[in-house]
Amino acid sequence: MLWIVIVLIMLAIIVVYLAIPGGKLWQQYLADIKRSLTETSRQGSSQNILFTEDSVGELPALLRRHIINGGYMGRPFMENMLIRFHNTKFRMSAGKEPIPITFMQVNFASRPDRHAFLTARIAGIPLQAKDSVLDGFGSMTGVLAKQFQLFRSTGAEMDQGQLITALADAVYMPSLFLQEYVSWTVIDDHTIEGEITWKSVSARGRFTFDSSGNIIRFDTNDRYMDENGKGSSLVPWYVTYDDYKEQNGYFQPGSVSVNWMLPDGDDTYFMSDQIEVQYSINEALL
């Protein structure tokens, strides 16, 4: 009987451990954000700079209108943002059923650092993934049961892919549009192309605007897709932004979807329709 009691106690400890938030990957995630906060603080605060006609005057007219529509004029530049995506589903790979996830990310403006964290459960076992670019180096790490590393991707492909994702995220953080590491080309009355360059890595993407001047889509050919551990290749990638509404005094997209354009049809692998944004956060808010 003693061994049964020991087994039950061990099982109970495992269940409690798996149920408690955190783990090594989460601690690394917090450490990465702290490093970005430290680096940006050394550069000095930009919160005394406001969105004004003068400060946005050199942006393309489409971007200026997006900023005006969003209610940013007269408000200070945001140094960073924390986004929590609620009611979110994620598809692990094309053809798989999407699963519910918890997803959050912290983005920075004066340097295009980006830190995202995903949590989910597979057969009751927690799955965690950290997706980030820090000081120009992109990485993606997945861990099962808070202990067993499933994958870790780094290298030039990740550097570029994470950098272009930071540009796409700037729909919610327009102070990034004004940074010196981003340049713009007007394509037509509804499209502009942005080029983002950091630490000798560059990537390009196109923003599409509706007739009201709101960003509704971002497209790039500069993002690599992992081919189930058999390498990676450039695949067209796009984000759609829908359901604009007022949130904390700003007019922003209320839903997003992230997609690959595959030969057999588009693969929508990330969907969220409840988005919470906070600006200029500190470590205590995480």
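The values are calculated or read from the model by the stated rules, or taken from the named source; none is laboratory data. Since this is a predicted model, take the numbers as computed values, not measurements. Counting neighbours? That spans all protein chains shown, and the Cβs are built from the backbone with ideal geometry, glycine included. With ligands, DNA and RNA removed, areas are computed over all heavy atoms of the protein, side chains included. Shrake-Rupley method; radii C 1.70, N 1.55, O 1.52, S 1.80 Å.
Values as computed for the structure displayed
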read-out: Scan of the stretch 185-211 for residues that are in a loop (DSSP other than H, G, I, E, B) and open to solvent by 60 Å² or more (accessible area, probe 1.4 Å), ordered by number; value: D189, H190, K199, S200, S211
read-out: Matching residues, the stretch 268-285, being surrounded by 16 or more Cβ atoms within 10 Å (Cβ to Cβ) and not in a strand (DSSP E or B); value: S280, I281
read-out: Within the stretch 209-236, tally of residues that are under 19 Å from the mean Cα position of the chain (by Cα) and under 20 Å from I68 (Cα atoms); value: 4
read-out: Residue in the stretch 254-267 that is farther than 22 Å from E97 by Cβ, assigned to a strand (DSSP E or B) and in contact with a strand residue (DSSP E or B) (Cβ under 7 Å, 6 or more places away or on another chain) present; value: yes
read-out: In the stretch 169-182, the residues that are in a helix (DSSP H, G or I) and within 15 Å of the chain's Cα centre (by Cα); value: D169, A170, V171, Y172, P174, L176
read-out: In the stretch 212-251, residue most open to solvent (accessible area, probe 1.4 Å) [restricted to those that are part of a strand (DSSP E or B) and among the polar types (S, T, N, Q)]; value: S232
read-out: Condition check for K130: assigned to a loop (DSSP other than H, G, I, E, B), over 30 Å from I49 (Cβ atoms) and of a type in the set (K, R); value: no
read-out: Filter result (small (G, A, S), open to solvent by less than 10 Å² (accessible area, probe 1.4 Å) and more than 17 Å from V258 (Cα to Cα)) within the stretch 103-119; value: A109
read-out: Residues of the stretch 52-71 classified as farther than 16 Å from Q252 by Cα and surrounded by 15 or more Cβ atoms within 10 Å (Cβ to Cβ), total; value: 4
read-out: Residue selected from the stretch 145-168 under the condition over 21 Å from Q28 (Cβ atoms) and under 11 Å from the mean Cα position of the chain (by Cα), by the criterion surrounded by the most Cβ atoms within 10 Å (Cβ to Cβ); value: I164
read-out: Cross-chain or 6+ apart pairs with Cβ under 6 Å, the stretch 145-159 first and over 22 Å from A203 (Cβ atoms), then assigned to a strand (DSSP E or B) and of a type in the set (V, I, T); value: A145/I125; Q149/V143
read-out: Qualifying residue in the stretch 49-60 (condition: without any contact (Cβ under 8 Å) to a residue 60 or more places away in the chain, assigned to a loop (DSSP other than H, G, I, E, B) and on the phi > 0 side of the Ramachandran plot); value: no
read-out: Matching residues in the stretch 118-135 - criterion: being over 21 Å from M225 (Cβ atoms) and of a type outside the set (S, T, N, Q); value: R121, I122, A123, G124, I125, P126, L134, D135
read-out: Looking only at the stretch 130-144, and only at residues there that are over 13 Å from A156 (Cα atoms) and free of Cβ contacts under 8 Å to residues at least 24 places away in the same chain, the one that is surrounded by the fewest Cβ atoms within 10 Å (Cβ to Cβ); value: L144
read-out: Sole exception among (1) within 30 Å of L25 (Cβ to Cβ); (2) part of a loop (DSSP other than H, G, I, E, B); (3) free of Cβ contacts under 8 Å to residues at least 40 places away in the same chain; (4) in contact with a Leu (Cβ under 9 Å, 6 or more places away or on another chain) for G74, by number; value: (1)
